[in-house]
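Engineer: Pasting in a structure now, in structure tokens, and then I'll have a few things to ask.
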Amino acid sequence: MRNERLGQKVVENLKRRNFEACYLPSAKDAVRKVMELIPEGSSVTWGGSMTIRDSGLTEHLKGGNYHVIDRDTATTAEEQTACYRQAFSCDYYLSSVNGMSEDGVLVNIDGNGNRVAAITWGPRRVIFVVGINKIARDVESALSRARSTAAPINASRFQPNTPCQKDGICHNCLSTECICNYVHFLRNSHPAKRHIVIIVGESLGY
């Protein structure tokens, strides 16, 4: 009950900020919703979100009638960069967030900047799937979550030579391998309803 009430509150605040938004109780419901939103034949890709992958959404898309640009199949840095660039001309771009305030501001931190760049401009529509665990009291708390929770966990995935990869704590480092180079705040969907946010009443991702 608490998750639903919080989720619905955030949905209303997102709509005030010109997002298209809804609350769904489970990841399975979210996957079905995303598949309904994306017409067959559309071009689609995604960022580095574990939420998108762990929910099974990417496999559903790859098994359907879509033009999928799958960055996970890239075998070289050049191929991966090509996928990043192709994302800007896609019909749909999928992502999650590192944190979100209760009043509807989305916070993301990026190492290369490709994800926040695509969220900002390029793909026709952007769909976020956001676990209830990503919601924080305010923007400052959402940013703190992104830096102190999500970033160190992501560092453990990529294993860069950074202090947080070694001890799990953000040191506000200036390492050349830092994965926190671009901090992005999305406070209003522009053009209106370009961004779709699905709040899920389960803990998803980091």
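The values are calculated or read from the model by the stated rules, or taken from the named source; none is laboratory data. Only a predicted model underlies this, so the values are computations on that prediction, with no experimental measurement involved. When we count neighbours, we look across all protein chains shown, and the Cβ atoms used for this are built from the backbone with ideal geometry, even at glycine. Heads up: the accessible areas ignore ligands, DNA and RNA and are worked out on the full protein's heavy atoms, side chains in. Shrake-Rupley method; radii C 1.70, N 1.55, O 1.52, S 1.80 Å.
Engineer: Carbon and sulfur atoms: what percent of the 1.4 Å accessible area of the chain do they account for?
Structural biologist: For the chain, the apolar C and S fraction of the accessible surface comes to 48 percent.
Engineer: When all alpha-carbon pairs of region 1-45 are counted, what percent fall beyond 17 Å?
Structural biologist: I get 47 percent for the Cα pairs in region 1-45 exceeding 17 Å.
Engineer: If you take the alpha carbon radius of gyration of region 86-206 and divide it by 2.2 N^0.38 Å, what ratio comes out, to two decimals?
Structural biologist: Output field value: 1.05.
Engineer: Can you show me the helix-derived [θ] at 222 nm for the chain, built from DSSP H runs with n ≥ 4 at -39,500 (n - 2.57) apiece and divided by the number of residues, rounded to the nearest 500.
Structural biologist: -10000 deg cm²/dmol
Engineer: Cα-based Rg of the chain per 2.2 N^0.38 Å, rounded to two decimals?
Structural biologist: My calculation over the Cα atoms of the chain gives 0.97.
Engineer: Return the loop-located GluC sites (Glu not before Pro) in region 1-102 (DSSP other than H, G, I, E, B) with at most 13 other Cβ atoms within 10 Å of their own Cβ; answer none if there are none.
Structural biologist: In loop regions of region 1-102 (DSSP not H, G, I, E or B), the sparsely surrounded GluC sites (Glu not before Pro) are Glu40.
Engineer: To the nearest 0.05, what FRET efficiency results for Phe158 and Asp138 with a Förster distance of 35 Å applied to their C-beta separation?
Structural biologist: Plugging the Cβ-Cβ distance into 1/(1 + (r/R0)^6) gives 0.75.
Engineer: Just the accessible area for Thr81, please: 1.4 Å probe, Å², rounded to the nearest 10?
Structural biologist: 60
Engineer: Please give the FRET efficiency for Arg85 paired with Ser203, using the beta carbon to beta carbon distance and R0 = 22 Å, rounded to the nearest 0.05.
Structural biologist: After rounding to 0.05, the efficiency reads 0.10.
Engineer: Which FRET efficiency, nearest 0.05, do Ile169 and Glu36 yield, Cβ-Cβ r, R0 45 Å?
Structural biologist: Plugging the Cβ-Cβ distance into 1/(1 + (r/R0)^6) gives 0.65.
Engineer: Which entries of Lys15/Lys62; Lys28/Lys166; Lys62/Lys166; Lys9/Lys166; Lys33/Lys134; Lys134/Lys166 show an alpha-carbon separation above 28 angstrom in the structure shown?
Structural biologist: Checking Cα-Cα distances, Lys15/Lys62; Lys28/Lys166; Lys62/Lys166; Lys9/Lys166 exceed 28 Å.
Engineer: Just to confirm, what accessible area per residue do you get for the chain at 1.4 Å probe, in whole Å²?
Structural biologist: 49
Engineer: Excluding ligands and nucleic acids, what accessible area in Å² is computed for Asp103 using a 1.4 Å probe, to the nearest 10?
Structural biologist: So the heavy atoms of Asp103 present about 60 Å² to solvent.
Engineer: Right, another one. P(r) for region 40-129: what percent of alpha-carbon pairs falls in each 10 Å bin, starting at zero?
Structural biologist: Distribution as computed: 17, 51, 28, 4, 0 percent.
Engineer: What's the extension gain from Asp54 to Thr73 if we count 0.36 nm per residue and subtract their Cα-Cα distance?
Structural biologist: Fully extending the segment from Asp54 to Thr73 adds 5.2 nm.
Engineer: Using a 1.4 Å probe, how large is the accessible area of Thr76, given in Å² and rounded to the nearest 10?
Structural biologist: Rounded to the nearest 10, the figure is 60 Å².
Engineer: For region 120-181 and region 30-44, what is the centre-to-centre distance using only Cα atoms, to the nearest Å?
Structural biologist: What the calculation gives is 27 Å, centre to centre.
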